[in-house]
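Notes to accompany the following structure.
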Amino acid sequence: MNRYLWPLVAFALLAIVLGVGIKNSKTKGVVASPLIGKAAPDFVLPDLRDPDRPFDSRSMRGRWYVLNVWGTWCVECRAEHAALMAAKASGKLPIVGLNWKDDSAGALGWLAQLGDPYVAVPVDADGRVAIDYGVYGAPESFLIDPRGIIVHKQIGALTDAIWESDFVARAVTP
Amino acid sequence: MKARVLLAIAGLLLAPAALAIDTTQLPDPALQARYEALTHELRCMQCQNQSIADSPVGLASDLRREVAEQLLAGSSDQQVRDYMSARYGDFILFRPRMSARTAWLWALPGVLLLGGVVVAWRIVRRRSAMVADDPDFDTPDS
């Protein structure tokens, strides 16, 4: 083979490798969580709707549930709210709404206005629990199994389709 | 006049300090130095191309608080890095760790350099052989 052709071949190979890599990364900018398959960090936080009755994550042991991280400052959270309400109506998985670095009065107003899809709303005012869960942007949703293991993490807004395929389907047939 | 110029230069030099995002001061200068080094090598996950030391977003300041608290509590730099990567993955570390998965990343520059040296050495040898074989070749001195 012509020796001047080698750089061209190398370039073509590189282009193919990079092209395939870019094409297969449907989740650009999304960072896989190292917490998948690990125990969900336990926490006790005051509940938004009743600050005197703290929410203990261990009270969810023994059933599948979803931990949804949200805040009223989060635009995408508003976009996914309808899907959360539909998920609640379908009654297949309870949703715990971790209220992340938010203003409690505003958060209560949000739930009153848009509907309340949550079984509990622990308030993470200083963001420490969110750090333990490796949260870097709301909304994020974790599917947690009856033993308290994180099975799946969704970064970005939920939709009805994602809820069915990535959460309900996994919880029923893990 | 000279004093004014000096003042202006001093002002320019100090401006970045006034604009610093992070104004945390730890009580011990050694801790402060470790704190600054660590916050510069941890990625802000929200903005992704800034370190947590340079980022004004809320999560970055939460993570800086976490770094400061852990250093004050006596954690080593490696313990802080491990704490962060256990939650956010290796992506949060600007300096990738040496592991089976990242070994090629560290080895590649050396391999490429070695390859370049071999190619250059072969070209030099071939050229010098050509020169030696050429009866018409004159050096400027001869």
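The values are calculated or read from the model by the stated rules, or taken from the named source; none is laboratory data. Owing to the predicted nature of the structure, the values given are computational and were not obtained by experimental measurement. Neighbour counts run over all protein chains shown; Cβ positions are idealised from the backbone, glycine included.
Observations on the structure shown:
- Scanning the stretch A:105-123 turns up no residue that is closer than 30 Å to B:SER85 by Cβ and either within 12 Å of the chain's Cα centre (by Cα) or within 14 Å of chain B (Cβ to nearest Cβ) (or both).
- Residue selected from the stretch A:158-174 under the condition crowded, with 20+ Cβ neighbours inside 10 Å and of a type in the set (A, V, I, L, M), by the criterion farthest from the other protein chains (Cβ to nearest Cβ): A:ALA171
- Only listed residue being under 17 Å from A:VAL151 (Cα atoms), within 14 Å of chain B (Cβ to nearest Cβ) and surrounded by fewer than 21 Cβ atoms within 10 Å (Cβ to Cβ), chosen from A:PRO94, A:PRO41: A:PRO41
- From the options B:ALA73, B:ALA100, B:ALA86, residue that is free of Cβ contacts under 8 Å to residues at least 40 places away in the same chain, surrounded by fewer than 17 Cβ atoms within 10 Å (Cβ to Cβ) and within 13 Å of chain A (Cβ to nearest Cβ): B:ALA86
- Among (1) crowded, with 22+ Cβ neighbours inside 10 Å; (2) within 14 Å of chain B (Cβ to nearest Cβ), the one test that A:ASP126 misses: (1)
- Among residues of the stretch A:74-91, those that are surrounded by 14 or more Cβ atoms within 10 Å (Cβ to Cβ) and within 20 Å of A:ALA130 (Cα to Cα), counted: 7
- Residue match in the stretch A:29-49 (condition: assigned to a helix (DSSP H, G or I) and either free of Cβ contacts under 8 Å to residues at least 24 places away in the same chain or not aromatic (Phe, Trp, Tyr) (or both)): no
- Given (1) closer than 30 Å to B:ASP82 by Cβ; (2) surrounded by 15 or more Cβ atoms within 10 Å (Cβ to Cβ); (3) modelled with pLDDT under 95, index of the condition A:SER141 fails: (3)
- Count of the stretch A:76-93 residues which are outside any helix (DSSP H, G or I) and in contact (Cβ under 8 Å) with a residue 24 or more places away in the chain: 2
- Residue match in the stretch A:54-70 (condition: modelled with pLDDT under 95, over 22 Å from A:ASP132 (Cα atoms) and not in a loop (DSSP other than H, G, I, E, B)): no
- Some residue of the stretch B:52-66 being in contact (Cβ under 8 Å) with a residue 40 or more places away in the chain, more than 18 Å from A:LYS101 (Cβ to Cβ) and either within 14 Å of chain A (Cβ to nearest Cβ) or of a type outside the set (D, E, K, R) (or both): no
- Screening the stretch B:25-142 for helices (runs of 4 or more DSSP H) wholly inside it with 1 or more residues that are within 22 Å of A:SER33 (Cβ to Cβ) and of a type in the set (Asp, Glu) returns the ranges B:58-72, B:77-88.
- The stretch A:129-152: number of residues that are closer than 28 Å to A:ARG53 by Cβ, within 14 Å of another protein chain (Cβ to nearest Cβ) and not hydrophobic (A, V, I, L, M, F, W, C): 5
- Considering each residue of the stretch A:156-166 in turn, none proves to be closer than 11 Å to A:VAL66 by Cβ, part of a loop (DSSP other than H, G, I, E, B) and out of contact with any helix residue (DSSP H, G or I) (no Cβ under 8 Å at 6 or more places or on another chain).
- Flag for A:LEU67 being farther than 20 Å from B:VAL57 by Cα, within 14 Å of the chain's Cα centre (by Cα) and in contact (Cβ under 8 Å) with a residue 12 or more places away in the chain: yes
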